[in-house]
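Since every read-out is calculated from the coordinates, none of them should be taken as a lab result. Not measured: the values here are computed from a predicted model. For neighbour counting, all protein chains shown are included, and Cβ atoms are generated from backbone atoms with ideal geometry for every residue, glycine included.
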């Protein structure tokens, strides 16, 4: 077994699979993937919530062992570990914090104080803040890109705050901590992870809507002028599409999942097939009109996007998102998803995958792994901040400044082409 | 010993209520504070400058925030440390204001978060915009703030729709006078609640019970206040009559439809136990059998020579109906002492299980995803009645 202390990992408890991604931090832009394991499951995680702790632990232990055997590196030895969440009644909102600069110059102390104040939210006692990302800085009411070193008397920070129900988040932490034998892990809201994973700075600046449609949940985030304007997660996804098909045509739900996931339905649509043959719940062979299937599927997809659109309107998201829409997640591979997206949001749409994922593992270059790739990048950046560079910032200060990750990635990405 | 109760007003409507409260001698036992972005409102509140915070003075120049939520949030957020200092010695905080504008809508949640950080219980008494007079956006803003920002943090919330004024005040009443009356009733309610929650020397209402009811479900409330001079022979009847005609009560129907009622009797040292009992029994007769009834009675030299009856009729939000069914056992636990005879066995309520008549497939039994009242786990094509040709069996 090779001992390497630059190891970071990311874990995603998805509705259809548990994924562990392990990487090595290098001085280059993104971490190098050295280990990967994805284990399909059925019902261990539903709608972003763990249903069976023991089974989840067992699956993750298997994943750790697989990565360890395949790569010769034990992921549990890694220092930084990030787990993705998107259920847990996660919600987000904008917070505002201010700090007076007594010296007349904005320093790290004022930035830290204002950031902390922005996180003082009136949350119910059972909730906790899991991520916060600075969206804009104002020095004496004047918007600036970077307040550090600016002359002024008052700094105001607006931050995008993500909070969730503590007890449900703890379930994820417990499983992770038992399997990795560690006392702590970082929790990252899935849409933010997808954002880190596949968006570029240019898109963040000009405005972009990212939708990550998975099996159990659909996540979205809007970036505008390098700040997160809105983010959220709906407990709706391709499991609902499969369920609708199953109910409509009395098909086993696994048959519907396979139709959607293995590209069979895509192929039939592209071939303009008029009917699809399947075996129904009674074991009889049936022919389903393609028009019926598309009616059921399109209605569900359009509804998911309509709910997101409703939330974006409530958050007063600007209409002029110049970079349009980016679609990712396992559901993005289904061709009708893109059409439904463009129809509802009236935006151009591109399907994206982690193109910059580097290393021995190529399976990760798939839309289904955008979020976990983003989480690995997050882990790597945190590692560089806390362990890699002696001049890096204090770990506690850094801990909840998700935005600082993005800022630092900007430097990396300046010379990096997608 | 009198507890340190702070009443803090936020925004223009809050300051107007504070003006009324300040003129009432009984408010001398309360710490009265106000925060606003408008200097004129604070001056009008007649509070000393040391008891007020003019938020973001340099930026807003004391001219308010023009109804802007984001400006209000920025302004009040910049005064967090001043708010914390102002509240830190309190044992109970009443936060008052009117939702729908900029300062109170965004400022009240910040005040609540500071109180929460100081571990001080809070009761929020707020007025909601006129649905029929003001813009829909204002109403929606108020509703959103109430449900998303205020209910989760405040220990108790009483939301008072301004529209109740139409129900009880004659149409020819000048609007200025109507608002004055509303502010006065509002202020008297604050006094009544603070008195029974903290100084109910005859029958007191436990703060924890009070908060438990208000937190059980989201609600709107109606408030009735009736006063009579203490030396009048039929003072109970007079006070009761005045209470039922109170402008913010909205008529007797509000009481008969209430899910919970808080009734209080306040008077001077001459208030006898018989008078208090008589008043409480009269109050109890007004309320529906199934409603939760909480009562309190207090005497003090500050209530010299008059009797005040107060009623807060609370109607739970119907949107939380499912939650009520699930938590009705908790509610029932409050009933035997308050509303039923100890000798009468209380039959457990038959709960209606919300059985769905539509197949949800694998989503059955999972946490339902709802949107605009629709259960999104039910297939979309079913909810939209989309026509399908149907599958054909292969022979």
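Computed from the Cα positions only, the extents of region A:12-81 along the three principal axes stand at 39, 24, 19 Å, in decreasing order.
Tell me the label-point distance for the pair residue A:170, residue B:50, using the 7 Å Cα-to-Cβ offset, in nm and rounded to one decimal. My value for the distance between the label points is 4.5 nm. When peptides A:298-311, B:222-235 are sorted by average Cβ neighbour count within 10 Å, with the highest value leading, the order is A:298-311, B:222-235. Modelled label positions at residue B:284 and residue A:53, each set 7 Å beyond Cα in the direction of Cβ, lie 4.7 nm from each other. Taking only the Cα atoms of region B:41-148, the ratio Rg/Rh comes out at 0.96, with Rh defined as the Kirkwood radius.
The angle separating the long axis of helix A:370-383 from the principal Cα axis of greatest extent in chain A is about 20 degrees. If each Cα of region A:106-149 is one equal point scatterer, what is log10 of I(q)/I(0) from the Debye formula at q = 0.25, 0.32 Å⁻¹? With one equal scatterer per Cα and no solvent, log10 I(q)/I(0) is -0.95, -1.28.
The C-alpha atoms of chain A define a longest principal axis, and helix A:238-249 lies at about 20 degrees to it. On a 0 to 90° scale, report how tilted helix A:402-413 is relative to the longest principal axis of chain A, with both axes built from alpha carbons and the result rounded to the nearest 10. Once rounded, one gets 90 degrees.
Mean per-residue shielding of peptide A:245-257 is 3, counting Cβ atoms of other chains within 10 Å of each Cβ. Over the residues of the protein assembly as shown, the helix contribution to mean residue ellipticity at 222 nm works out to -11500 deg cm²/dmol, using -39500 (n - 2.57) for each DSSP H run of at least 4. Spin-label model, residue B:23/residue A:116: points 7 Å from Cα along the beta carbon direction are separated by 4.5 nm.
Remark on region A:160-238: hydrodynamic radius 13.9 angstrom, per the Kirkwood mean of 1/r across alpha carbon pairs.
Summary of the geometry: region B:1-36 and region B:86-126, compared by the centres of their Cα atoms, lie 12 Å apart. Ranked for footprinting exposure by Cβ neighbours inside 10 Å, fewest first, A:77, A:339, A:239, A:203 give A:339, A:77, A:203, A:239.
Short-range pairs are left out: with C-alpha atoms under 8 Å and at least six residues apart, the relative contact order of region A:16-84 is 28 percent. When you count the other C-beta atoms within 10 angstrom of each residue and take the mean per peptide, A:168-178, A:283-293 line up highest first as A:168-178, A:283-293.
Across region B:48-92, the volume of the C-alpha convex hull divided among the residues equals 98 Å³ per residue. Report note on the peptides A:259-267, A:6-14: ranked by the mean count of other C-beta atoms within 10 Å, highest first, their order is A:6-14, A:259-267.
Averaged over the residues of peptide B:73-80, the number of Cβ atoms from other protein chains lying within 10 Å of each residue's Cβ is 5.
Set the Cα radius of gyration of the protein assembly as shown against 2.2 N^0.38 Å, with N its number of residues, and you get 1.07.
This ranking places B:395, B:22 by how few other beta-carbon atoms lie within 10 Å of each, fewest first, which gives B:395, B:22. Mind running the shape call on region A:48-159? Use the C-alpha gyration tensor, a ≥ b ≥ c as the square roots of the eigenvalues: rounded below 1.5 for a/c, prolate if a/b tops b/c, oblate otherwise. Prolate, since a/c reaches 1.5 and a/b exceeds b/c.
If r is the Cβ-Cβ distance from residue B:272 to residue B:140 and R0 is 45 Å, what FRET efficiency results, to the nearest 0.05? Working from the Cβ atoms, E equals 0.35. Mean separation of Cα pairs under 8 Å and 6 or more residues apart, divided by the residue count, gives chain A a relative contact order of 19 percent.
Remark on chain A: hydrodynamic radius 22.2 angstrom, per the Kirkwood mean of 1/r across alpha carbon pairs. Direction-averaged projected area, Cα convex hull, region A:294-342: 3.7 nm², rounded to one decimal. Of the two radii for region B:209-260, the radius of gyration is 1.10 times the Kirkwood radius, both from the alpha carbons; that is the Rg over Rh value. With R₀ fixed at 51 Å, the C-beta to C-beta distance from residue B:82 to residue A:343 puts the FRET efficiency at about 0.50. The mean count of C-beta atoms from other chains within 10 Å of the C-beta of residues in B:370-377, rounded to a whole number, is 3.
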